[in-house]
């Protein structure tokens, strides 16, 4: 019963969304929605597919929001997607052509009212001065309005359902954006002139699709697609660009070539990669050494209060990481920070590359040693006591017995956990971003800081102040996938028991 | 306290105490800062000396930092993602533990492999995806808790291995007997296995919850409107905007965020330690 109800809700939701999605031309979202519904129907409407009934929900989410984004990242790494290249080529061509409008003596003129939709898109409402017909137009095209669709007062459209009309002051404010706005028509485009007037002019540029060329009809100059850097532009035979507007294009392996051959980027990349490895390995070694030492010290039947120790040492592990990191970031302040004032030092913790790295490792030690302590305690308790006794009887001292018997057994047990911890720290964005922001930076390379690890570097390339470089950042992310995959393989090998998954 | 005691046991306590001090100082500092009425870095000591609730009050009264709203957002995200993750994982774990089917072994290994790729590595694609989704369905776009939760649900199968390991320890005779008595597979799963697996469900639930509450990378990129923030990005904004003077307010918020989590950890301590040795990692 519940099953039928749930399926009904799924189908109903998809059906209800369909008209809106189709009208907005969001065909990808529409297709995905119906594929999900179809998978659910096939799985749950029949009595067969017993196993699938239990696997489908999680798998769907995994595929949609983990696997697909990973594949999309790899695909994106072969494009120049980013600031200045967000549009498709068609959109860019249309914009360049529409912007070449000039007014002719016989150009029709319109009374203009500017309105916005609920998501902030512009719409021109026009009344032809010669014919008094009313139109609505945006970058998709022009549409004649029926009498009911809009209210016309004194030759201007003053209201239309679903639109907010701008006051002249607001139109003035939106000036720079409106200057780029043109409504394409059959033989030209309509553009704004003044606050309340628009004209239909002829475009001087024409796009010839077969030749993939834009022709200036006054001078007959031909602008062809030319690659300059990692972007494509329309440019004439001397390489002079017609417009600074570019578009999203495939660049093959250009991003990877740049990462490995541009000496400045390569230098930064290798340094960051090296530090990522040192940071991850150093964190694991430090936390494990301290955690193991503590476990050995406290895991002795004669030590009383073990439960108390464990409860207190659990604290750093239990507190949400971002809170601890932000608290520690205050400790490292040079003037007022707790560490300098308690120790009497005057170390510039976060401003000096060496000390910033030391600060990161110290913080990560605090965050991670309780986990290693708990893990090592568990592993120690799993080693049979007879083994140690036998070694002691054979004449081995306490430390020799530990080194020769306990430690090797322990390492076999915690090996997979150490590799997992390495992989976790390899991508430990929070610690780096919240403590040092990847810095300190040098002026000659503001993209790559001294304590950046690969993931924080990637995020800065994509979302940092220097402008979005999605394509290039995706290439670095793809390299991260490969490295993480190698780490995963290493962990597979370390976990021998997996060979007999049953 | 003989010399012999010190040599054999006493030094162990010394080491333990050093570790305890190291672990506790930052925690004490947060408590001290939260109750210190001045709330500045300069005026805050490790040991609490003053008591005032002024920062807690300010958290609930200052509309520029709507802590209750962030708390609500965080609880909604955590609850939604945790329930979906634990439930989907438990269902898949049941299939992997009790059914024999083609692709079972490779499916399990694939899951383990995918699990090692943190979802946020694909942040760029996730960002463009949510942007496009938001253009089609504004309710699921950037700056919505729903869209953010949906993306985090991509880790729906993160707990399969832990739960499957636990299911494997529950004797199959139990469900076989139920099937003989006429129970369906669904009944076996919901009525027999799930109730028996409560300890592992609690632990995986806690791990999922803690993973979500600490998620910062995606939240910092998806949730930029004040009202759509989670505690992680919200509290970060407080401390980042004025490090020396906002310490008290931040600490008060941090304390209220961490306290329930810490108590849960203490309550479930026994199970967590067991789960750790089985190989789980807190994000």
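The values are calculated or read from the model by the stated rules, or taken from the named source; none is laboratory data. Being a predicted model, the structure only gives us computed values, none of them experimental. Every residue, glycine as well, gets a Cβ built from its backbone with ideal geometry; the counts of neighbours run over all protein chains shown.
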*Taking the stated definitions as given, is residue A:99 out of contact with any helix residue (DSSP H, G or I) (no Cβ under 6 Å at 6 or more places or on another chain), under 30 Å from residue A:183 (Cα atoms) and more than 11 Å from chain B (Cβ to nearest Cβ)?*
yes
_Only one of B:160, B:233, B:180, B:151 that is more than 29 Å from residue A:460 (Cβ to Cβ) and in contact with a helix residue (DSSP H, G or I) (Cβ under 9 Å, 6 or more places away or on another chain)_ = B:160
_Candidates A:266, A:342, A:313, A:270 - the one that is surrounded by 14 or more Cβ atoms within 10 Å (Cβ to Cβ) and either touching a residue at least 24 places away in the same chain (Cβ under 8 Å) or out of contact with any strand residue (DSSP E or B) (no Cβ under 6 Å at 6 or more places or on another chain) (or both)_ = A:313
*Residues that are farther than 25 Å from residue A:417 by Cα and at the interface with chain B (Cβ under 9 Å from one of its Cβ atoms): find the helices (runs of 4 or more DSSP H) completely inside segment A:274-339 holding 3 or more of those.*
A:321-331
*List every residue pair whose Cβ atoms sit under 6 Å apart, with the two residues 6 or more apart in sequence or on different chains, where the first one lies in segment A:210-224 and is on the phi > 0 side of the Ramachandran plot and in the same structural domain as residue A:242 (by TED's automatic domain parsing) and the second, anywhere, is part of a strand (DSSP E or B) and surrounded by 14 or more Cβ atoms within 10 Å (Cβ to Cβ).*
A:212/A:225
*Identify the single condition in (1) under 30 Å from the mean Cα position of the chain (by Cα); (2) surrounded by fewer than 20 Cβ atoms within 10 Å (Cβ to Cβ) that residue A:108 does not satisfy, given that it satisfies every other one.*
(1)
*Filtered residues of segment B:41-53 (kept if touching a residue at least 40 places away in the same chain (Cβ under 8 Å) and either surrounded by fewer than 16 Cβ atoms within 10 Å (Cβ to Cβ) or in contact with a strand residue (DSSP E or B) (Cβ under 7 Å, 6 or more places away or on another chain) (or both))*: B:42
*asked:* Among the residues of segment B:164-181, are any buried (at least 16 other Cβ atoms within 10 Å of the Cβ) and more than 24 Å from residue B:107 (Cβ to Cβ)?
replied: yes
*asked:* Among the residues of segment A:134-142, are any crowded, with 19+ Cβ neighbours inside 10 Å, in contact with a strand residue (DSSP E or B) (Cβ under 6 Å, 6 or more places away or on another chain) and either within 14 Å of another protein chain (Cβ to nearest Cβ) or within 25 Å of residue B:135 (Cβ to Cβ) (or both)?
replied: yes
*Do the conditions hold for residue A:178, that is, is it modelled with pLDDT under 85, surrounded by 15 or more Cβ atoms within 10 Å (Cβ to Cβ) and assigned to a loop (DSSP other than H, G, I, E, B)?*
no
_Number of the exception - residue A:294 against (1) surrounded by 17 or more Cβ atoms within 10 Å (Cβ to Cβ); (2) closer than 23 Å to residue A:470 by Cα_ = (2)
*Any idea which residue in segment A:425-446 is nearest to the other protein chains (Cβ to nearest Cβ), counting only those that are in contact (Cβ under 8 Å) with a residue 60 or more places away in the chain and part of a helix (DSSP H, G or I)?*
A:430
_If I ask for residues that are assigned to a helix (DSSP H, G or I) and closer than 22 Å to residue B:89 by Cα, which ones from segment B:157-175 would you list?_
B:160, B:161, B:162, B:163, B:164, B:165, B:166, B:167, B:168, B:172, B:174, B:175
*Might you check whether a residue that is free of Cβ contacts under 8 Å to residues at least 24 places away in the same chain, closer than 27 Å to residue A:325 by Cβ and touching a helix residue (DSSP H, G or I) at 6+ places or on another chain (Cβ under 7 Å) occurs anywhere in segment A:398-416?*
no
_Subset tally (residues that are in contact (Cβ under 8 Å) with a residue 12 or more places away in the chain and within 8 Å of chain B (Cβ to nearest Cβ)) for segment A:31-59_ = 0
*Can you tell me which of A:31, A:16 is loosely packed, with under 14 Cβ neighbours inside 10 Å, part of a helix (DSSP H, G or I) and more than 29 Å from the chain's Cα centre (by Cα)?*
A:16
*Considering only residues of segment A:71-105 that are out of contact with any strand residue (DSSP E or B) (no Cβ under 8 Å at 6 or more places or on another chain) and buried (at least 20 other Cβ atoms within 10 Å of the Cβ), which is nearest to residue A:254 (Cα to Cα)?*
A:77
*Can you find a residue in segment A:358-368 that is closer than 20 Å to residue A:297 by Cβ, without any contact (Cβ under 8 Å) to a residue 40 or more places away in the chain and within 13 Å of chain B (Cβ to nearest Cβ)?*
no
*Taking the options B:194, B:206, name whichever one is part of a helix (DSSP H, G or I), touching a helix residue (DSSP H, G or I) at 6+ places or on another chain (Cβ under 9 Å), modelled with pLDDT of 90 or more and within 20 Å of residue B:156 (Cβ to Cβ).*
B:194
